[in-house]
Amino acid sequence: MNRLHKYFAFSFVLIISLSCYNSTKDNVNIFHYNETSGVASIDPAFAKNQSIMWVVHQLYNTLVQVDDQLNLVPSLAKSWTASEDRKVYTFHLRNDVFFHDDPCFAGGKGRRMTADDVLYSFNRITDPTVASPGSWIFNDKVDPVDGFKVLDDTTFQVKLLRPYNPILGILSTQYCSIVPKEAVDRYKNDFRRHAVGTGPFQFVAWEEGQAMILKKNPNYFETDESGNRLPYVDGVKIGFADSKATEFLLFRQGKLDFINDIDPSFKDEVLTKKGTLRKDWENKIQLQVHPYLNIEYLGILVDTANSIVSSSPMKLKKVRQAINYGFDRRKLVLYLRNSLGIAAESGFVPVGLPSFDSTIVKGYHYNPQLSRKLLAEAGISGADLPVIRLLTIPIYADIASFIAKQLEEIGFKVQVEAIQKSLLLELTSSSRAPFFRGSWIADYPDAENYLSVFYSKNPAPPNYTRYNNPAFDAVFEQALAETNDSARYILYRQADQIMMQDAPVVPLWYDVVVRLVQPWIQDFQPNSLNLLELRRVRKVKM
């Protein structure tokens, strides 16, 4: 079947699929958005980036979830208790949750979810044959022998090796979504593109490169304050236009209900330098700006046993510090981000988390004189510095070029190379990228999620820089065992400061959620995790 025939065949499937669950033809109650990077998988075990997490969040549920105030609240588990020694957590599950109807079940009818499904899902994450990128989340935390236990259909237990306060946050991540064994057994490798969950939306169809369709789950267990069953919209259509310019055009034409983040190519058309809507956009669209638990940074590989590090001047701490002092983060945010973000002049842990305190954790600010001084102290002059390749993805090429230009004034020779995101992930995961652009989005609202990026016992991901400092590890481990929040935050700050002094990363800015939203969309609330929350979204006639 040629590409054109495939397109029309899939379009016909989408039309039939949509007509099956739309209440009217004139006012299609479908939420539309675009994913320029595509979606690599809808298997929760592979929910390693935002594009996958957004879809998985619609299709599946976890034991606990994060609300819009970053509190951990019930979801599939209606309640839980912790033992006195904080090593055993007992979860009491809802008994009214059913998996989506699917041929993998007897008679095609979704069955009730039980504690056995929780056991299966968690064991699957750590199964080496699955090769989940989230397999590390339970490492050195959950008892490897007796960590997960079914007490009865609605009672599930997690046993830890030692007290570990962030465990509830980990259980809220999309990796920990609950899946049925029948679906994995039936679809095998194709489970990556055939979801069967308990979530507010149900999988319908997916043509990679064209679109994905989800429909409202008529049996979803959550209701609103008036007892109305969620969600309100009838379905979700995700497009895969791979150009931000095309995405923006579709938004202007009213074919997308929102776009996430603003591409550099049109941000000046929409926003002032102060980050507000320009006059000709006012009252035509909604601008949502909200703190976002994400940090944008440059990573530096620091494993001196690696040959590409041992021959690089960046193996020296003072050279890495010189890079950190060598460019103006505030100017970068003002001119290249239209003030959308906060210059990252503290640690790796971003604004928005309760442990953040820029008066205690000191990072780097623009100081070219100090940068040159550090290079001299490292015994390196500009003439001695080889060309340093900075790997980035195309949409951040202008930011990388800005940094490179300022570093060149110090004496560095930086060559910016824009490559595809998939290749960058492959190179960073295999320790073949000495200097690279990165970002870290919180999976759960605890500073541990950020500091785990530098824990030496963690692989890549998340420890892409291969940072290894016993002093950092000791403070980090002490923080994990601390049950008092205030005391734990002090330890988090100490660990962050130790790492920042070693400079395996170059923090750029603490992020904000930036959304352009159509006026007919209501109750579409941003959140600090930037999860796509559609359960309470409404589309109204204009």
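Checking each residue in region 50-72 for being assigned to a strand (DSSP E or B) and at pLDDT 95 or above picks out V64, Q65. A479: small (G, A, S) and within 30 Å of F402 (Cβ to Cβ), yes or no? So A479 does not fit the description; no. Taken over region 367-381, the criterion of being in contact (Cβ under 8 Å) with a residue 24 or more places away in the chain and among the polar types (S, T, N, Q) is satisfied by N367, S371, S381. Only residues that are assigned to a helix (DSSP H, G or I) and of a type in the set (S, T, Y): list them for region 152-188, please. Listed by number, the residues that qualify are Y175, Y187. Say whether the condition of being more than 21 Å from the chain's Cα centre (by Cα), among the aliphatic types (A, V, I, L, M), at pLDDT 95 or above and part of a helix (DSSP H, G or I) is met by at least one residue in region 364-372. Within region 364-372 (the criterion being more than 21 Å from the chain's Cα centre (by Cα), among the aliphatic types (A, V, I, L, M), at pLDDT 95 or above and part of a helix (DSSP H, G or I)), the answer is yes, since at least one residue qualifies.
Looking at region 301-357, the helices (runs of 4 or more DSSP H) lying wholly inside it that each contain 2 or more residues that are under 29 Å from T272 (Cβ atoms) sit at 329-336. Residues that are farther than 18 Å from V505 by Cβ and of a type outside the set (S, T, Y) were ranked within region 421-442; the one that is nearest to the chain's Cα centre (by Cα) is K421. Residue pairs whose Cβ atoms lie under 6 Å apart, separated by 6 or more positions or on different chains, with the first residue in region 76-102 and free of Cβ contacts under 8 Å to residues at least 12 places away in the same chain and the second crowded, with 16+ Cβ neighbours inside 10 Å, are T81/T90; A82/Y89. Just to check your reading of the model, which residue among P526, P462, P445, P519 is touching a helix residue (DSSP H, G or I) at 6+ places or on another chain (Cβ under 6 Å), in a loop (DSSP other than H, G, I, E, B) and not basic (K, R)? Among P526, P462, P445, P519, only P462 is touching a helix residue (DSSP H, G or I) at 6+ places or on another chain (Cβ under 6 Å), in a loop (DSSP other than H, G, I, E, B) and not basic (K, R). For region 148-192, give me the residue count where each residue is within 19 Å of L480 (Cβ to Cβ) and crowded, with 18+ Cβ neighbours inside 10 Å. Going through region 148-192 one residue at a time, the tally reaches 14. Taking each residue of region 20-39 that is closer than 22 Å to T246 by Cα and among the aliphatic types (A, V, I, L, M) and looking for partners that are in a helix (DSSP H, G or I) and at pLDDT below 50 with beta-carbon atoms closer than 8 Å, six or more apart or interchain, yields I30/L18. Do you know which residues across region 37-49 are buried (at least 19 other Cβ atoms within 10 Å of the Cβ) and part of a loop (DSSP other than H, G, I, E, B)? Those that are buried (at least 19 other Cβ atoms within 10 Å of the Cβ) and part of a loop (DSSP other than H, G, I, E, B): V39, I42, D43, A47, K48. If the condition is being of a type in the set (D, E, K, R) and out of contact with any strand residue (DSSP E or B) (no Cβ under 9 Å at 6 or more places or on another chain), then region 145-179 contributes D152, R162. Can V302 be described as crowded, with 16+ Cβ neighbours inside 10 Å, over 19 Å from S346 (Cβ atoms) and assigned by TED's automatic domain parsing to the domain that holds Y396? Yes. The residue that is surrounded by the fewest Cβ atoms within 10 Å (Cβ to Cβ), counting only those in region 210-265 that are of a type in the set (D, E, K, R) and within 23 Å of the chain's Cα centre (by Cα), is D242. Just a yes or no: is a residue in region 186-209 in the same structural domain as H100 (by TED's automatic domain parsing) and closer than 20 Å to L531 by Cα? So far as region 186-209 goes, no, none of its residues is in the same structural domain as H100 (by TED's automatic domain parsing) and closer than 20 Å to L531 by Cα.
The values are calculated or read from the model by the stated rules, or taken from the named source; none is laboratory data. This is a predicted model, so every value here is computed, not measured. Note that we place each Cβ from the backbone using ideal geometry, even for glycine, and neighbour counts take in every protein chain shown.
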